[in-house]
Every structure is written in structure tokens, then in C-alpha cells.
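J.: Handing you a structure now.
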Amino acid sequence: MSVTLPPLSDVDFRQLRIFRTIVESNGFTAAQDELGISRSTISTQMSALETRLGVKLCRRGRSGFSLTEHGQKIYSEVIKLFAAADSFRAEVGAIRGNMVGELRIGVVDAMVENPNCKLDRAIALFHERAPGVHPTFVVVSPNQIENALLSRQMEIAVMPNQPMNAAVQMQQLFHEEQTMYCGKEHPLFEKAHEKMPIEQLAEQKYARRGYSVALAFQSLFKHPPSATAYDMEGLAYLIRSGKFVSFLPTHFARQWVERGEMRALRPDLLSFKIAMCVANFPQSVMSRMARVFRECLIEVHPTVTAIKTVPPTLDKSVAASSSQ
């Protein structure tokens with residue numbers, strides 16, 4: 001016999017917000033600053049919520065914080081609940097002539113140094129048009145953005161062009177140049193200025209990106225990857241170790257290149273461009289504030305043309321030109 005949960009009260013909503021913050025902060029201790037309450041109060045509120053729902057939500061102890069299976073399902077529903085509440089609040093505000101509420105925006109890492117990225121200008125323009133909206137930026141890897149959009153953990157995102165769920169629409173904003181690099185301790189560092197054969201590069205140990213958008217990079221190498229990173233900073237550490245080569249955004253790598261800590265390898269052949277896009281649901285189902293932020297993004301980014309979006313491969317044309 002199923003038991004229906006009684007209507008939610010203000011206390012329930014407060015405890016659910018605390019639960020969401022704990023999950024997104026990855027633990028009770030880290031959630032204290034965000035919530036502005038003590039750890040003991042957080043623990044008391046969580047115990048009360050577990051009693052109210054009748055399920056164990058999380059494990060905490062020496063092994064760290066983790067969600068139970070029930071906790072993971074409840075968290076997914078909490079995200080939907082607050083997304084619906086935020087959408088209601090935003091739409092009511094729009095009816096009254098104001099845009100209010102929280103807008104959660106996803107971005108990938110290492111974009112801030114890209115001169116083609118005008119996200120700061122888009123934020124400024126958006127704030128002028130919707131000063132009552134609270135923008136929240138979440139830095140995530142490209143493979144996580146699709147799920148975050150579909151689960152309504154965010155409404156809009158700026159990310160590399162890649163295959164997405166049919167429900168998600170993408171429009172190009174600007175481009176990002178990628179180049180292969182090695183660190184100063186790497187055997188190829190002193191030879192980086194030479195036009196070394198592609199076959200020599202294909203033999204090197206390389207670090208891959210731990211998400212699907214980067215799988216095409218592997219076709220360049222003759223061996224499986226020797227290291228993995230899920231963000232650009234992690235790849236930079238691996239490259240600077242002198243043990244691996246990998247691709248980085250040119251603008252992101254520039255700081256180490258200028259300090260003599262990295263060098264590009266065959267940029268004449270192994271540099272390429274990736275289209276960076278705004279990803280969102282169809283405008284008919286977007287909140288008004290998300291639509292306005294999308295308009296701001298498009299307004300501040302000029303149209304980019306002639307983008308080569310295919311990563312380098314060891315095809316015959318590249319092999320033939322490697323000796324030139």
C-alpha cells in the first residue's frame with residue numbers, strides 16, 4: 001500500500017533547499033558558508049527531512065559525503081521542484097513587468113581568456129535589462145551539460161559544438177583554437193620549432209579529455225591514452241609534467257608558452273578551431289529571463305564563419321604534408 005506525502009510546508013521547502021545546497025557543495029562542512037548556518041543546524045535539518053520523507057538521503061562520516069540511491073532520486077526531483085518554482089516566479093514577474101528569480105547558466109572552463117568570448121559583455125547587457133535576476137554560473141565539462149539541461153539544473157549553457165539531445169538547440173557564438181603542446185621537460189620541447197614528422201608525434205604518450213567530445217583526438221595517436229583529465233587545468237598539469245602531450249586552447253596555453261614552460265607542436269598542421277555555441281531548449285519553453293540572456297549572448301558575438309570543427313587525423317593528406 002502506497003503512502004502519499006502530505007502537502008509540502010514552508011519548513012519542507014527550507015529543508016529541501018538545505019539538502020540541495022549540501023549536495024551541490026559536496027558535504028555538510030562546505031555547505032555552511034553557502035547557507036550561513038552551523039553544521040549542527042544543518043545536521044538537525046537533514047535528520048528532520050529524512051524523517052519527514054521516510055528515507056535515508058545521504059551517508060556522512062570518515063569516508064566522506066555521498067548520496068544513497070534514494071537520495072539521488074530525491075535530489076533529481078528537488079531540482080525539478082525548484083526549477084518549476086523559479087519558472088513560476090519568473091513568469092509571474094514577467095506578467096507584472098519585472099524579471100526576477102535565479103537563472104542557472106552552464107559554462108565550460110578556460111573560456112575567460114579567449115578574446116573571442118564576450119560573455120562578460122553579455123552579462124553586463126543582461127543585468128541592464130533584467131537587474132532583478134540572480135545569475136548563477138556553473139562550470140561543468142561538456143558531457144555533463146546535456147544532462148544538466150535535460151534535468152533543468154540549468155536553463156542555458158555556453159559549450160563546444162557537439163551532438164546533443166534533439167530537445168536541445170545550439171547556435172554558434174564564437175570559436176576556440178586548439179593546438180597540441182608539450183612541457184619544457186618533454187623530449188620534444190627543444191625540437192618543437194622543427195617540422196617534425198606527424199608519425200613521430202603519433203608515438204608520444206598523450207593525455208586525453210575524459211568526455212566524448214574529445215574522442216576524435218585519439219585518431220592522431222598510435223597508442224591508447226596514458227593519462228586523462230576532465231578539464232583544461234588538469235590537462236595543463238599533465239602537459240607541464242613533461243611526460244605527456246595534449247591539446248589545449250591556444251589562449252589558455254599562452255601564459256605558459258610566454259614563460260617558456262610549454263611549446264606548440266606542429267601548429268601548422270595540428271591547430272584547428274572549435275565552434276562555441278549557446279545551448280538551450282526551444283524558445284517556446286524557455287523562461288523569459290533565459291530568452292533575454294540568450295538574446296544578449298547573440299547580440300554581443302559577431303557571426304563566425306569558416307570554422308574548421310574536425311580535429312586532426314592521420315589521413316593521407318596530413319601524412320603527406322608532414323615532411324614539407
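The values are calculated or read from the model by the stated rules, or taken from the named source; none is laboratory data. All values derive from a computational prediction rather than experimental measurement. Methodologically, a virtual Cβ is constructed for each residue, glycine included, from the backbone with ideal geometry; neighbour enumeration extends over all protein chains shown. When the accessible area is computed, the model is the full protein with side chains, heavy atoms only, and any ligands, DNA or RNA have been set aside. Shrake-Rupley method; radii C 1.70, N 1.55, O 1.52, S 1.80 Å.
J.: Taking H placed 1.01 Å from N in the peptide plane, check which residues at least 5 places from R208 or on another chain put their amide H under 5 Å from its amide H.
T.: Placed amide hydrogens put S226, A227, T228, A229 under 5 Å from R208.
J.: Considering only C-alpha atoms, what is the centroid distance from region 98-124 to region 1-56, in Å?
T.: Distance between centres, Cα-based: 30 Å.
J.: Rounded to the nearest percent, how much of the accessible area of region 169-251 (1.4 Å probe, protein heavy atoms only) is carbon and sulfur?
T.: Of the solvent-accessible surface of region 169-251, carbon and sulfur hold 49 percent.
J.: Right, here's the next one. Counting pairs of alpha carbon atoms under 8 Å apart in space and at least six apart in sequence, what relative contact order in percent does region 112-224 give?
T.: Relative CO of region 112-224 lands at 24 percent.
J.: Using a probe of 1.4 angstrom, how much of the accessible area of region 38-91 is carbon and sulfur, in percent?
T.: Carbon and sulfur atoms account for 52 percent of the accessible area of region 38-91.
J.: What is the helix-to-structure angle for 288-300, meaning the angle in degrees between its Cα long axis and the longest Cα principal axis of the chain, kept from 0 to 90 and rounded to the nearest 10?
T.: 20
J.: In addition: Got a sec to turn the phi values of region 106-119 into Karplus ³J(HN,Hα) couplings, 6.51 cos²θ - 1.76 cosθ + 1.60 with θ = phi - 60°, whole Hz, x for Gly and Pro?
T.: Along region 106-119, the couplings run x, 9, 8, 6, 6, 9, 5, 7, 6, x, 7, 8, 10, 4 Hz.
J.: With +1 on each Lys and Arg Cβ and -1 on each Asp and Glu Cβ, and nothing else charged, work out how big the dipole of region 99-243 is about its Cα centre, in Debye to the nearest 20.
T.: Here the size comes out at about 200 debye.
J.: Something else about it: Give the angle, between 0 and 90 degrees and rounded to the nearest 10, that separates the Cα long axis of helix 39-53 from the longest principal axis of the Cα atoms of the chain.
T.: Once rounded, one gets 70 degrees.
J.: Any idea which of F126, A83, C182 is furthest toward the positive side of the dipole for the chain, if Lys and Arg beta-carbons carry +1 and Asp and Glu beta-carbons -1?
T.: The one lying farthest along the dipole's positive direction is A83.
J.: Taking the chain as a Gaussian network, Cα atoms linked when under 10 Å apart, which of H301, H134, H70 shows the biggest mean-square fluctuation?
T.: Sorting by GNM fluctuation, first place goes to H70.
J.: To the nearest 10 Å², what's Y230's accessible area with a 1.4 Å probe?
T.: In the full protein context, Y230 sits at about 130 Å².
J.: Could you list, bin by bin from short to long, the percent of Cα-Cα pairs of the chain in 20 Å steps?
T.: The calculated distribution, bin by bin, is 27, 48, 23, 2.
J.: Using a Förster distance of 25 angstrom, determine the FRET efficiency expected from the C-beta separation of R52 and E91, and round it to 0.05.
T.: About 0.30, to the nearest 0.05.
J.: In addition: Would you mind getting the accessible area per residue of region 190-259, heavy atoms of the protein chains only, 1.4 Å probe, in Å²?
T.: With the other protein chains kept in place, region 190-259 gives 51 Å² per residue.
J.: Quick one: accessible area per residue over region 1-127, 1.4 Å probe, rounded to a whole number of Å²?
T.: Per residue, region 1-127 has an accessible area of 59 Å².
J.: Beyond 19 Å between alpha-carbons counts as too far, so tell me which of K205/K243; K80/K118; K184/K243; K195/K273 fall in that bin.
T.: Pairs exceeding 19 Å: K80/K118; K195/K273.
J.: Let me ask something additional. Please report the relative contact order for the chain, taking Cα pairs under 8 Å with a sequence separation of at least 6, and give it as a percent rounded to a whole number.
T.: It comes to 20 percent, rounded to a whole number.
J.: Angle between the Cα long axis of helix 10-25 and the longest principal axis of the chain, 0 to 90 degrees, nearest 10?
T.: Helix 10-25 sits roughly 20 degrees off the main axis of the chain.
J.: Please list the non-local residues whose amide H lies under 5 Å from the amide H of L67, H modeled 1.01 Å from N, same-chain partners needing a gap of 5 or more.
T.: Amide H neighbours of L67: R59.
J.: Which value, in debye to the nearest 20, describes the size of the charge dipole of the chain about its Cα centre when Lys and Arg Cβ atoms bear +1, Asp and Glu Cβ atoms bear -1, and nothing else is charged?
T.: 420
J.: Counting only Cα, what are the radius of gyration and maximum Cα-Cα distance Dmax of region 236-300, in Å?
T.: 18.4, 50
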